[in-house]
Amino acid sequence: MRRAKIVATIGPASQSPEMLGKLMEAGMDVARLNFSHGDHESHGKTILHIREASRVLKKPVAIMQDLQGLKIRTGPLENGSSVELTTGQHFVLTTQATAGSSERVSTSYQALPQDLRPGDRLLLSDGLIELRVLTTTRSDVECEVISGGTLAENQGINLPNVKISASALTEKDLRDLDFGAEQQIDYLALSFIRRPADILKLKDRLAQRNRDTPVIAKLEKPMAIKNLDAIMDVCEGVMVARGDLGVEMAPEKVPVIQKHIIAEANKRGKLVITATQMLESMVHNPRPTRAEASDVANAVLDGTDAVMLSAETARGQYPVESVSMMTKIINEVEKLESGRHIDLFQESKPLSFPEAVCDAAYHVSRSIKARAIVAFTQTGSTARLISKYRP
């Protein structure tokens with residue numbers, strides 16, 4: 001049985017009942033619904049299709065609801081297309097509603113002028129455009145363009161090392177969370193986590209809905225990496241979201257951070273998902289690059305519990321082939337990996353009673369070559385503790 005699981009994002013290319021069945025047959029273990037897009041009606045239909053395909057194929061497939069979080073974006077442009085920003089020019093971000101131009105553009109985040117200080121850096125268009133804050137007013141942020149480029153509509157704004165005053169959980173997220181609770185989804189992921197309080201607020205809302213859905217903290221901000229230990233204390237799992245993390249931090253640091261996060265999650269028995277651009281070229285091509293195949297393999301070698309496909313399955317031309325290729329890569333790696341992670345957990349610190357029982361169950365199962373370990377659990381925590389040992 002394949003140990004590392006595959007999370008596939010569902011979108012226009014994969015949301016039909018027929019395609020969902022093909023993804024499951026190819027190896028999809030978790031269907032991710034991105035609530036940055038779509039509405040409750042469309043997501044509700046997709047959930048029904050996933051569960052029906054899972055029932056027909058007799059394959060359990062979990063559903064992950066991925067909340068949008070506080071995503072700061074630029075607004076619309078007057079020409080509806082794009083504008084060019086030139087290195088050295090002045091450029092204004094404003095909270096006032098306006099059609100954008102090459103001189104100013106609106107932003108979705110109303111507290112932006114209050115959160116920024118002169119000298120702060122802003123990154124637009126996935127880090128391709130860099131601005132430096134010159135001055136701020138109640139509604140405007142005047143910047144100098146440090147690195148110019150093409151700015152399209154509704155682009156993300158990244159604020160490296162800026163303390164954002166707003167909560168990571170928006171009003172939209174709360175409405176979406178309530179919908180997910182009604183649908184009894186299996187996992188809940190929250191974007192742009194910065195501190196443990198972000199997770200605790202989400203869990204309080206779940207408790208009000210009588211739900212104890214496992215929460216996945218998406219690690220996309222430098223502050224989240226700084227607070228990693230405290231965040232892991234209050235969540236059931238983490239996602240190494242390398243896209244925004246690679247924008248706000250130096251790209252050469254991301255591979256090392258990825259390995260550190262996976263190792264820490266393994267030690268704690270926390271679920272860890274490695275995500276973003278795993279097989280990105282398969283959005284348009286039927287085969288991945290060798291570098292992408294190595295990327296997936298190395299994540300599995302590092303000890304990730306799951307690898308995730310985003311655009312590859314949501315809007316790509318080869319969604320089934322992407323899942324099938326990921327399955328093949330994982331299977332090849334795991335032929336060599338049986339028992340590799342055992343030594344990682346031979347630590348001198350005392351085990352809790354539940355973990356001691358799980359540790360014993362794991363070693364007994366290896367000794368007698370058991371085909372399965374059955375965990376009687378109400379919250380799933382016992383099963384997660386056993387899975388730490390990769391039985």
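Be a star and scan the stretch 300-325 for residues whose amide nitrogen sits under 17 Å from the point 7 Å along the Cα-to-Cβ vector of Thr289. Within reach of a label on Thr289: 310-312. A simple charge model with +1 on the Cβ of Lys and Arg, -1 on the Cβ of Asp and Glu and nothing else charged puts the dipole of the stretch 194-342 at about 400 debye relative to its Cα centre. From largest to smallest, the equivalent ellipsoid semi-axes obtained for the stretch 82-158 from the alpha-carbon gyration tensor read 17, 14, 11 Å. Rounded to the nearest 0.05, the FRET efficiency derived from the C-beta distance between Glu52 and Val374 at R0 = 30 Å is 0.65.
With r as the distance between the Cβ atoms of Asp126 and Glu153 and R0 = 22 Å, compute the FRET efficiency 1/(1 + (r/R0)^6) and round to 0.05. With a Förster radius of 22 Å, E is 0.95.
Rounded to the nearest 500, the helix-only mean residue ellipticity at 222 nm of the chain stands at -11500 deg cm²/dmol, with each DSSP H run of n ≥ 4 adding -39,500 (n - 2.57). Length gained on full extension, Ser81 to His37: 13.8 nm, using 0.36 nm per residue less the C-alpha separation. Mind putting together the pair-distance distribution for the chain? All Cα pairs, 10 Å bins, whole percent per bin, short to long. Values per bin, smallest distances first: 5, 21, 30, 27, 12, 4, 1, 0. Put simply, the amide H of Arg104, placed in the peptide plane, has neighbours under 5 Å in Val92, leaving out anything fewer than 5 places away on its chain.
Its relative contact order, with pairs defined as Cα atoms under 8 Å and 6+ residues apart, puts the chain at 16 percent. Mind checking which of Val296, Val238, Val256 has the largest fluctuation in a GNM of the chain, springs on alpha carbons under 10 Å? Result: Val256 has the largest fluctuation of those listed. Listed by Cβ neighbour count within 10 Å, with the fewest neighbours leading, His37, His49 appear as His37, His49. Beyond 29 Å in Cα-Cα separation lie the following of the pairs Lys226/Lys335; Lys45/Lys259; Lys163/Lys253; Lys58/Lys259; Lys22/Lys201; Lys5/Lys253: Lys226/Lys335; Lys45/Lys259; Lys58/Lys259; Lys22/Lys201. Check each of the GluC sites (Glu not before Pro) in the stretch 73-153 and keep only those in coil by DSSP with at most 15 other C-beta atoms within 10 angstrom; list them in order. Loop-located and lightly packed - Glu78, Glu103.
Using the Cβ-Cβ distance between Asp178 and Gln110 with R0 set to 22 Å, the FRET efficiency from 1/(1 + (r/R0)^6) comes to roughly 0.40. Estimated at 0.36 nm per residue, the fully extended path between Thr98 and Arg205 surpasses their Cα-Cα distance by 35.0 nm.
Each reported figure results from applying straightforward, stated rules to the coordinates on display, with no laboratory input. Source: prediction; values computed, not measured. Using ideal geometry, Cβ is built from the backbone for each residue, glycine included, and neighbour counts are taken over all protein chains shown.
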